[in-house]
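Right, one structure below, let's go through it.
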Amino acid sequence: MTITITAFERSPDGGRGLSRDTRVRWALEEVGQPYEVRLVSFQAMKEPAHLAIHPFGQIPTYEEGGLALFETGAIVFHIAERHAGLLPFDPDARARAISWMFAAVNTVEPPVLELVTVKILEGDKPWAQERLPLVLERIRVRLRQLSARLGDAEWLDGAFSAGDLMMVSVLLRLRPSGLLDEFPELAAYVARGEARPAYQRAYAAQAAVAAAVREGG
Ligand code: GTB
């Protein structure tokens, strides 16, 4: 059955891999599932056809036969459940890997997103500069805790899993801020994720969309 995901027609990040379709592409590449991409404009995301699939009018979405999904955590979990390679078979190890998936989107991603909010969305507000150090410190707390747990291990819990895929994807969003460099173990962890051939293919695919936009004007 054909898998179709959605992605930005014109990603605001210009193809740096920071839009959330990259993590879905990465998961599909890890398990060796081919997929098609439907590119959507900001306007189309808010129209009924897209809202029927994604109630919040966002990307990415995932369609496979009669199944339509939104939320990258749920999409990556679905891919990992249906195909071998992203979740351990041992039930306890599997449950722990799923914990890391939730930790990525529910515990680490929120403060990371606050940084985007304070720097970009609210960057022109008079209090933004005052708020910035508070947000940075909240992120550092999480990075310190995560780094302490990871230690010098390769991945968060044994073999690479969907938990690592989600965590690396979330941490990548911090790269432009320089915060990751304060935690060398985490920087190396993210680099290991990026070095995976599946990630490289996913990155190249989303970068090609942005390159085509630049060439097309
Ligand atoms: N919780 C949802 C999920 O994980 O699927 C969040 C989905 C989401 O935020 N999607 C964003 C979106 O559709 C794109 S990824 N935004 C449009 C809208 O809400 O109208 C977020 C994103 C946007 C831009 C950059 N960037 O420019 O670097 C990076 C990430």
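With charges set only on the Cβ (+1 for Lys and Arg, -1 for Asp and Glu), what does the dipole of the chain come to about its Cα centre, in debye to the nearest 20? Before the final figure, lay out each step's value.
On the way: 24 positive and 28 negative charges, 64 e Å.
The dipole of the chain has a size of about 300 debye.
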**Prompt:** In whole Å, what three semi-axes, largest first, describe the equivalent ellipsoid of the chain built from its Cα gyration tensor (square root of 5 times each eigenvalue)?
**Reply:** 26, 24, 16
**Asked** How much of the DSSP beta bridge set in the chain is antiparallel, as a percent to the nearest 5?
**Response** 60
**Prompt:** In the Gaussian network model of the chain, springs joining C-alpha atoms below 10 Å, which of 141, 37, 108 carries the largest mean-square fluctuation?
**Reply:** 141
**Message:** So with the 1.4 Å probe, I'd like the accessible area per residue for region 91-196, rounded to whole Å².
**Reply:** 51
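Over the chain, what is the relative contact order in percent, taking alpha-carbon pairs closer than 8 angstrom and at least six residues apart?
On the way: 274 pairs, mean separation 59.0, N = 217.
Relative contact order comes out at 27 percent.
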**Asked** Just 165, 28, 39 to compare: in a GNM of the chain, with alpha carbon springs under 10 Å, which one fluctuates most?
**Response** 39
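With +1 assigned to the C-beta of every Lys and Arg and -1 to the C-beta of every Asp and Glu, and no other charges, what is the dipole magnitude of region 91-196 about the Cα centre in debye, to the nearest 20?
140
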**Asked** Between rounded, prolate and oblate, where does region 91-196 land on the alpha carbon gyration tensor, with a ≥ b ≥ c its root eigenvalues, rounded for a/c under 1.5, else prolate if a/b exceeds b/c?
**Response** prolate
**Request:** Compare the Cα positions of 193, 115, 45 along the charge dipole of the chain (+1 at Cβ of Lys, Arg; -1 at Cβ of Asp, Glu; about the Cα centre) and return the one farthest towards the positive end.
**Result:** 115
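Once you have the Cα-Cα distance between residue 113 and residue 145, take 0.36 nm times their residue separation minus that, and quote the gain in nm to one decimal. List each step's numbers first, then the result.
Numbers: separation 32, 0.36 × 32 = 11.52 nm, distance 1.78 nm.
Gain on extension, residue 113 to residue 145, equals 9.7 nm.
Carbon and sulfur atoms: what percent of the 1.4 Å accessible area of region 81-179 do they account for?
Details: 2890 of 5350 Å².
The nonpolar share, carbon plus sulfur, comes to 54 percent.
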**Whole-Hz couplings from phi, Karplus 6.51/-1.76/1.60, listed for region 104-119; x for Gly and Pro** = 4, 7, 9, 10, 8, 5, x, x, 5, 5, 4, 5, 4, 4, 5, 7
**Asked** So what is the relative contact order of region 1-72, in percent, for Cα pairs below 8 Å that sit 6 or more residues apart?
**Response** 43
**Asked** Which of 34, 110, 176 moves the most in a Gaussian network model of the chain with Cα springs under 10 Å?
**Response** 176
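With an 8 Å cut-off on Cα pairs and a minimum separation of 6 or more residues, tell me the relative contact order of region 91-196 in percent. Could you put the intermediate results ahead of the total?
Working: 87 pairs, mean separation 39.0, N = 106.
Once divided by the residue count of region 91-196, the mean separation gives 37 percent.
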**Prompt:** Could you give the length gained on full extension between residue 49 and residue 134, defined as 0.36 nm per residue of separation minus the Cα-Cα distance, in nm?
**Reply:** 26.6 nm
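Can you give the charge dipole size of region 161-205 about its Cα centre, rounded to the nearest 20 debye, using +1 on the beta carbon of Lys and Arg and -1 on the beta carbon of Asp and Glu? All intermediate terms of the calculation are to be shown ahead of the outcome.
Working: 5 positive and 5 negative charges, 49 e Å.
The dipole of region 161-205 has a size of about 240 debye.
The values are calculated or read from the model by the stated rules, or taken from the named source; none is laboratory data. Values in this document were obtained by computation on a predicted structure and should not be read as measured data. Please note: Cβ atoms are built from the backbone with ideal geometry, for glycine as well, and neighbour counts cover all protein chains shown. Just so you know, the surface numbers come from the protein's heavy atoms only, side chains and all, with ligands and any DNA or RNA stripped out. Shrake-Rupley method; radii C 1.70, N 1.55, O 1.52, S 1.80 Å.
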